[in-house]
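*Asks:* Okay, here's the structure, questions in a sec.
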């Protein structure tokens, strides 16, 4: 399953890229994420790993995350892994002007096993809405941080 979300952010591409590529910022814009826990490597750099820990009482799955690409300010990519699903996340950033950025987030889900695949099929609209909510929340976070 694939989900793509496009938004425009009132901030420069460089500012957006810097905020996006720092995993320590994630709990500030993902309201269902309690914290991240570094596992290995320099946080946010290619090959580094960290754990995303969901906030109790939310549907956020805990994931082990690997940074798979960091070509700033154009692209940042992650692979999220859990026992039920892997998610490849690729975010591209395009400058619309000196102070405006188009952000495209693509998530590709690979469910493990028949039960999880069936769940993914049935929850497709909820998963896409969750993806959109996270990306829109990041956009608001970025605009607040840079004063856009």
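*Asks:* From the list 138, 119, 115, pick out the single residue that is at pLDDT 90 or above and not in a strand (DSSP E or B).
*Replies:* The unique qualifying residue is 138.
*Asks:* On the basis of being under 16 Å from residue 3 (Cα atoms) and either touching a residue at least 40 places away in the same chain (Cβ under 8 Å) or in contact with a strand residue (DSSP E or B) (Cβ under 7 Å, 6 or more places away or on another chain) (or both), does residue 33 make the cut?
*Replies:* No, not satisfied.
*Asks:* Another question, if that's okay. Exactly one of (1) at pLDDT 95 or above; (2) surrounded by fewer than 16 Cβ atoms within 10 Å (Cβ to Cβ); (3) under 16 Å from the mean Cα position of the chain (by Cα) is unmet by residue 49. Its number?
*Replies:* (2)
*Asks:* Could you check residue 73 against (1) assigned to a strand (DSSP E or B); (2) in contact with a helix residue (DSSP H, G or I) (Cβ under 6 Å, 6 or more places away or on another chain) and say which number it fails?
*Replies:* It fails just one condition, (1).
*Asks:* Pick out the one residue from 98, 59, 94, 133 that is out of contact with any strand residue (DSSP E or B) (no Cβ under 6 Å at 6 or more places or on another chain), in contact (Cβ under 8 Å) with a residue 40 or more places away in the chain, closer than 25 Å to residue 9 by Cα and surrounded by fewer than 17 Cβ atoms within 10 Å (Cβ to Cβ).
*Replies:* 98
*Asks:* Would you confirm, using the coordinates I've provided, whether residue 66 is more than 21 Å from residue 146 (Cα to Cα) and not in a strand (DSSP E or B)?
*Replies:* It is false that residue 66 is more than 21 Å from residue 146 (Cα to Cα) and not in a strand (DSSP E or B).
The values are calculated or read from the model by the stated rules, or taken from the named source; none is laboratory data. Everything numeric here is computed off the predicted structure, so don't read it as measured data. Note that each Cβ is placed from the backbone with ideal geometry, even for glycine, and that neighbours are counted across all protein chains shown.
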